[in-house]
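Right, one structure below, let's go through it.
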Amino acid sequence: MYGFEAMTFNIHGGYLEAIVRGHRAGLLTAADYNNLCQCETLDDIKMHLSATEYGPYLQNEPSPLHTTTIVEKCTLKLVDEYKHMLCQATEPLSTFLEYITYGHMIDNVVLIVTGTLHERDVQELLEKCHPLGMFDSIATLAVAQNMRELYRLFLVDTPLAPYFSECITSEDLDDMNIEIMRNTLYKAYLEDFYKFCQKLGGATAEIMSDLLAFEADRRAVNITINSIGTELTRDDRRKLYSNFGLLYPYGHEELAVCEDIDQVRGAMEKYPPYQSIFSKLSYGESQMLDKAFYEEEVKRLCLAFEQQFHYGVFFAYMRLREQEIRNLMWISECVAQNQKSRVHDSVVFIF
Amino acid sequence: MGDSRGGCCPPMDLFRSEPMQLVQLIIPMESARLTVAYLGDLGLLQFKDLNSEKSPFQRTYAGQIKKCGEMARTLRFFKEQMLKAGLSPSATSVAQTDIDVDDLEVKLGELEAELIEMNANGEKLQRSYNELVEYKIVLKKAGDFFPSAQQSATAQRREMESNQMGEESIETPLLQEQETSTDLSKQVKLGFITGLVPRGKSMVFERILFRATRGNLFLKQVPIEAPVTDPVSGEKMEKNVFTVFYSGERAKNKILKICDAFGANRYPFSEDRGKQAVMISEVSGKISDLKSTIDAGKLHQDHLLRTIGDQFEQWNLKVKKEKLIHHTLNMLSLDVTKKCLVAEAWSPVFAKKQIQEALQRASVDSNSQVGAILQVLHTRELPPTYFRTNKFTAAFQEIVDAYGVAKYQEANPGVYTIVTFPFLFAVMFGDWGHGICLLLATLILIVREKKLSSQKLGDITEMTFGGRYVILMMSLFSIYAGFVYNECFSVALDLFGPSAYACRDLSCRDAYSIGLIKVRNTYPFGVDPAWHGSRTELPFLNSLKMKMSILLGVAQMNLGIILSYCNATFFGNCLNIWFQFIPQMIFLNSLFGYLSLLIILKWFTGSQADLYHIMIYMFLSPTDELGDNQLFQGQKTVQHVLLLLALVSVPWMLLPKPFLLKRQHENRQRGQSCTPVQVTDDTLHSEANHSHGHGHGHEEFEFGEVFVHQLIHTIEFVLGAVSNTASYLRLWALSLAHSQLSIVFYEKVLLLAWGYDNIVILVVGIIIFIFATVGVLLIMETLSAFLHALRLHWVEFQNKFYEGDGYKFYSFSFALIHDEGD
């Protein structure tokens, strides 16, 4: 039904699109960030945030604040908004919204499993989990010894089950194969999400395929950079790349054989959209790459709001809020640790 | 009429907004807080933010604001605790002891710490109490099913053993077989765990347990009837008692972990029946001990909360005031010497003395050596608009403000709105029966005014309550208009004496229109009841109401243009008088003023002239003979003159003003500061686009832009004169709709039901009639007539003179804290 969304979209999606656009208007602006960066203490930050949409969530916090409290409360706001939207959503929007949280689910699973491997307390780990990626039996993950068990006992009930088909082994869990599991799961998740969006068709497919392709490509680059110098073979590395995106398939071939960061750069610069990202970095540098990618992502997410009658806005909004919370966390940390000179290092302005 | 400056008549306060002045206050640091507090009590100043470039936490008093925020948080915490304990803060504060802010902060901190400690202790006790309660339930429930479970377990085992002794069955599970064969002695001692699991999670819990032990367990669950309080979260929830039997150490570890993950509380349990009984009695004893401790704690806490509750409102008010004071102090700029604060504020001229008194009082009360200084500043900035309204005029002023706040000292249409708005409404809503219903409804609101204004109302009720005096006036006027139309629920009554018409003979009983002759004097007030139900009723009333609408419209539009004259003289703008007011007057009155004259003439003479024809052919062929349509001698000449005047006034409106403005501008540039047009001494009142000119060199003057602007204005007025007059016909249309609707309800529902002579139908008919009258006629028709009256005021009336680009005067006042509430 490409091109005809305008006729029928508002029947089910109109209300929520309005809601999400309203939420988007509440995102912090550059002026807000400028003020926040000038704060001297966490109380100043609270005072400033109390004038924004975060106000009601922070106003009842007693005075010695911690960074974690700020982040927790801000996340709580996002979760509340998400839950409200999910309650109101009908198919296929509700499935779409659920897809957004699977990424957090994968991260949470990995977090718990890694934590148990290092013998951390489960309760402590649970507090660190992202509230959007929670599911019923998450705490029991600690019982599992290997992936097969993990899958059979617990994950078979979760929406992540289908993504496991590629990584069921009986090997005992260790850091390396947990990381591989994470990436395999992510690959399967992104591909599934991509397919789902294609099925939805219309503007949603168009916009989401662009956003997801960017996500897949970014993950491919990150996997490559992180696996340089490890025992991961080229073929194994190749298997972790998602099978779509701008880099697929020829870029993947090149990335798979990269030995250092400059080779990655060489491979990426052939693709015009990524050329600009890499041109900001000096040779041999990979620290700032994350920020550069985030900036590019934010730009693309903001553009998703330019078009109407599609689900991409929900994805974009969630991502932007998460980026905002990351920014707030960074600013609060810098303020709390008296490192104000570094405040601008990692903050990505949204508007 | 608009001459408020004249000495002969009392000043009309509402016609022009209060004269304002910008005052500068220089307040010594030590008395600053008290001064601002007194000014807040006075509530007649609007402080300007002199630190707008600073972010909130860089300002001088950011620390105090934070403190206030903290105190407000503590108070909210108290409130929450009070709500939890089922107490409400007493509305009237007991002791009005004036407490210092710093003392209050300390006191609040202490109270909070005490309360938190108390809560923590209470929570600990509560937790162990809840645990014991759960334990007791487990003991009871598990005690019930344990023997049976044990039996079934042994039965199973026996069966298994017998199976082993016999031939190996294929159905025997492989694992069990292994275990039984390897370690028979250990197998006898089955381990078990008992506890509680939330009911919602019980299914998943069972499934996971099953998978984790590969089915090698026995689980029994029993639901608890009443919800229990969870010790960890403190919430009531439905739970199941479970008992798990397992074998082997590894399975035990797994099960324990899973129990933790599901928030299932485990409790020790003994197989021995005797021990069980001992434990139950032990637990019951502990429970009753704990209960009395908890109750004592609760009592203490309630006492503390009650003492807080007594003073809560007072503290709350104090903290809010304090916050407002410091917010205001933050708007002041610090003097270079850092010894005093400088404030700039708008205030009405009349308030100067009161402000000075407040300043003096503050400096005396704070023992400051130097008093605060007040001086008036001169500025070009446009002051805020401030009307001193009362509860009656406020709602009408709101109607005007909703369109746009009046420019400073511009003629305020609100004055006329008080009468014209309800009047125009009534023209559309003329039915004195409905009017009385409306009057009764609004009287309820007015009588219970005190009670209602103190409580929070719903959205719609709030709005109705706010406009209660508007509705009162509307209902009074519609009763009046109802008498004029002679309609009460669409029935005509002869209240003012008998009808002037009677039948000539008996034959005219059923044919209303013919045969009626005038037998008495004209009916003294309103429409003669004889018209009601006659065949010519509609044509007669339509013609009457249509003409009346035109008359009212022309009158109101003329009033609007006259108000533009008031504005022009007040602001000393001769251009607007000569090249806007006069041609507009001529244009409107030569066309529609003439029409009004013809209408009145026709009424007086009873002529058969066709007014449409006259008006149309006055333009199309002015030279034609009038024939039957002649109403007075020399009508044709008059029409020629009027037509000519109207035609002349169009270029008169359009052309001279831009050129004169241009010349004025050129003169000014040549250094002549005093142009003949600017007659008033007060340069503040010069036209908006001149306001920046004098002080700072030249201003831009785009002739093209000014000309296009004037062109648009002229076209708008010329077309508007026609369309606005036509727009007033809505008065007739709505009035017609209203009376026809009420006739339908009266005749087709009430009279029809009456005709059946059946009590049930009659009751149903009356109910339908009442609902239709209230729902459609009283509520919906009121709304639609209100909207149309609103439109006539906003568009047709106000566009003749009203600029409405001012901004409101928001005074810094503590009185607003009370309204704000929660």
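The values are calculated or read from the model by the stated rules, or taken from the named source; none is laboratory data. Nothing here was measured: the structure is a model prediction, and the numbers come from that model. Because the Cβ atoms are built from the backbone with ideal geometry, glycine has one as well, and the counts that use them run over all protein chains shown.
For A:Ile106, are the conditions met, namely being within 14 Å of chain B (Cβ to nearest Cβ) and either buried (at least 20 other Cβ atoms within 10 Å of the Cβ) or among the charged types (D, E, K, R) (or both)?
On the way: within 14 Å of chain B (Cβ to nearest Cβ): no; either buried (at least 20 other Cβ atoms within 10 Å of the Cβ) or among the charged types (D, E, K, R) (or both): yes.
Here the answer is no, as A:Ile106 does not meet what is asked.
Being within 14 Å of another protein chain (Cβ to nearest Cβ), surrounded by fewer than 19 Cβ atoms within 10 Å (Cβ to Cβ) and either over 30 Å from B:Leu108 (Cβ atoms) or without any contact (Cβ under 8 Å) to a residue 24 or more places away in the chain (or both) narrows it down to one residue among B:Leu299, B:Leu256, B:Leu290; which is it?
Details: B:Leu299 fails: within 14 Å of another protein chain (Cβ to nearest Cβ); B:Leu290 fails: within 14 Å of another protein chain (Cβ to nearest Cβ).
None of the other options fit; the residue is B:Leu256.
List every residue pair whose Cβ atoms lie under 7 Å apart, where the two residues are 6 or more positions apart in sequence or sit on different chains, the first residue falls within the range B:31-43 and is at pLDDT 85 or above, and the second residue, located anywhere, is hydroxyl-bearing (Ser, Thr, Tyr) and part of a helix (DSSP H, G or I).
The qualifying pairs are B:Val36/B:Thr328.
Mind checking which residues of the range A:71-82 are in contact (Cβ under 8 Å) with a residue 40 or more places away in the chain and within 24 Å of B:Leu108 (Cβ to Cβ)?
Within the range A:71-82, none qualify.
Go through the range A:111-168 and give me each residue that's among the small types (Gly, Ala, Ser) and in a helix (DSSP H, G or I).
Taking the range A:111-168 first, the residues among the small types (Gly, Ala, Ser) are A:115, A:133, A:137, A:139, A:142, A:144, A:161, A:165.
The answer is A:Gly115, A:Gly133, A:Ser137, A:Ala139, A:Ala142, A:Ala161, A:Ser165.
Report whether or not A:Lys46 is buried (at least 19 other Cβ atoms within 10 Å of the Cβ), within 11 Å of chain B (Cβ to nearest Cβ) and either touching an Asp or Glu at 6+ places or on another chain (Cβ under 8 Å) or at pLDDT 90 or above (or both). Can you show your working first?
Working: buried (at least 19 other Cβ atoms within 10 Å of the Cβ): yes; within 11 Å of chain B (Cβ to nearest Cβ): yes; either touching an Asp or Glu at 6+ places or on another chain (Cβ under 8 Å) or at pLDDT 90 or above (or both): yes.
Criteria met by A:Lys46.
Examine the range B:430-440 for a residue that is part of a loop (DSSP other than H, G, I, E, B) and surrounded by 14 or more Cβ atoms within 10 Å (Cβ to Cβ), and state whether such a residue exists. Give the derivation first.
First, pick out the residues of the range B:430-440 that are part of a loop (DSSP other than H, G, I, E, B): B:430-431.
Add one more test, that the residue is surrounded by 14 or more Cβ atoms within 10 Å (Cβ to Cβ), and what stays is B:430-431.
Yes, because at least one residue in the range B:430-440 is part of a loop (DSSP other than H, G, I, E, B) and surrounded by 14 or more Cβ atoms within 10 Å (Cβ to Cβ).
Determine the pairs where a residue that is within 13 Å of B:Phe423 (Cα to Cα), located within the range B:546-560, has a partner that is of a type in the set (A, V, I, L, M, F, W, C) with Cβ atoms under 6 Å apart, the partner being 6 or more residues away or on another chain.
Close Cβ pairs satisfying both conditions: B:Ser549/B:Leu729; B:Ser549/B:Leu731; B:Ser549/B:Trp732; B:Gln556/B:Phe797.
Quick one: in the range B:515-566, which of the residues that are assigned to a loop (DSSP other than H, G, I, E, B) and in contact with a strand residue (DSSP E or B) (Cβ under 7 Å, 6 or more places away or on another chain) is modelled with the highest pLDDT?
Looking at residues that are assigned to a loop (DSSP other than H, G, I, E, B) and in contact with a strand residue (DSSP E or B) (Cβ under 7 Å, 6 or more places away or on another chain), I get B:Asp528.
Among (1) over 30 Å from B:Trp732 (Cβ atoms); (2) surrounded by 23 or more Cβ atoms within 10 Å (Cβ to Cβ), there is one condition B:Phe425 misses while meeting the rest; what is its number?
Result: B:Phe425 fails condition (1) only.
For the range B:240-248, indicate whether the set of residues that are within 12 Å of chain A (Cβ to nearest Cβ) and either among the hydrophobic types (A, V, I, L, M, F, W, C) or surrounded by fewer than 18 Cβ atoms within 10 Å (Cβ to Cβ) (or both) is non-empty. Write out each step before concluding.
From the range B:240-248, those within 12 Å of chain A (Cβ to nearest Cβ) are none; that's our starting set.
Checking the range B:240-248: not a single residue is within 12 Å of chain A (Cβ to nearest Cβ) and either among the hydrophobic types (A, V, I, L, M, F, W, C) or surrounded by fewer than 18 Cβ atoms within 10 Å (Cβ to Cβ) (or both).
Does A:Met134 satisfy the condition of being under 23 Å from the mean Cα position of the chain (by Cα), within 14 Å of chain B (Cβ to nearest Cβ), more than 21 Å from B:Phe210 (Cα to Cα) and at pLDDT 80 or above?
Working: under 23 Å from the mean Cα position of the chain (by Cα): yes; within 14 Å of chain B (Cβ to nearest Cβ): yes; more than 21 Å from B:Phe210 (Cα to Cα): yes; at pLDDT 80 or above: yes.
Yes.
Within the range B:600-670, considering only helices (runs of 4 or more DSSP H) that don't extend past its boundaries, which have at least 2 residues that are aromatic (Phe, Trp, Tyr)?
Values: elements: B:611-620, B:635-654, B:656-669.
Correct list: B:611-620.
Among the residues that make up the range A:51-61, is at least one of them within 11 Å of chain B (Cβ to nearest Cβ) and surrounded by 19 or more Cβ atoms within 10 Å (Cβ to Cβ)?
Yes, the range A:51-61 contains a residue that is within 11 Å of chain B (Cβ to nearest Cβ) and surrounded by 19 or more Cβ atoms within 10 Å (Cβ to Cβ).
If A:Asn146 meets every condition in (1) within 10 Å of another protein chain (Cβ to nearest Cβ); (2) more than 24 Å from the chain's Cα centre (by Cα); (3) not small (Gly, Ala, Ser) apart from one, which number is that one?
Among (1) within 10 Å of another protein chain (Cβ to nearest Cβ); (2) more than 24 Å from the chain's Cα centre (by Cα); (3) not small (Gly, Ala, Ser), A:Asn146 violates only (1).
Sort through B:Leu104, B:Leu111, B:Leu115 and tell me the only one that's modelled with pLDDT under 85, more than 12 Å from chain A (Cβ to nearest Cβ) and surrounded by 13 or more Cβ atoms within 10 Å (Cβ to Cβ).
On the way: B:Leu111 fails: modelled with pLDDT under 85; B:Leu115 fails: modelled with pLDDT under 85.
It is B:Leu104.
Can you report the number of residues in the range B:211-237 which are out of contact with any Phe, Trp or Tyr (no Cβ under 8 Å at 6 or more places or on another chain) and assigned to a loop (DSSP other than H, G, I, E, B)?
Total satisfying the criteria: 12.
Considering (1) among the small types (Gly, Ala, Ser); (2) away from chain A (no Cβ under 14 Å); (3) surrounded by 16 or more Cβ atoms within 10 Å (Cβ to Cβ); (4) under 30 Å from B:Met118 (Cβ atoms), say which one B:Gly263 fails and leave the rest.
The one condition B:Gly263 does not meet is (2).
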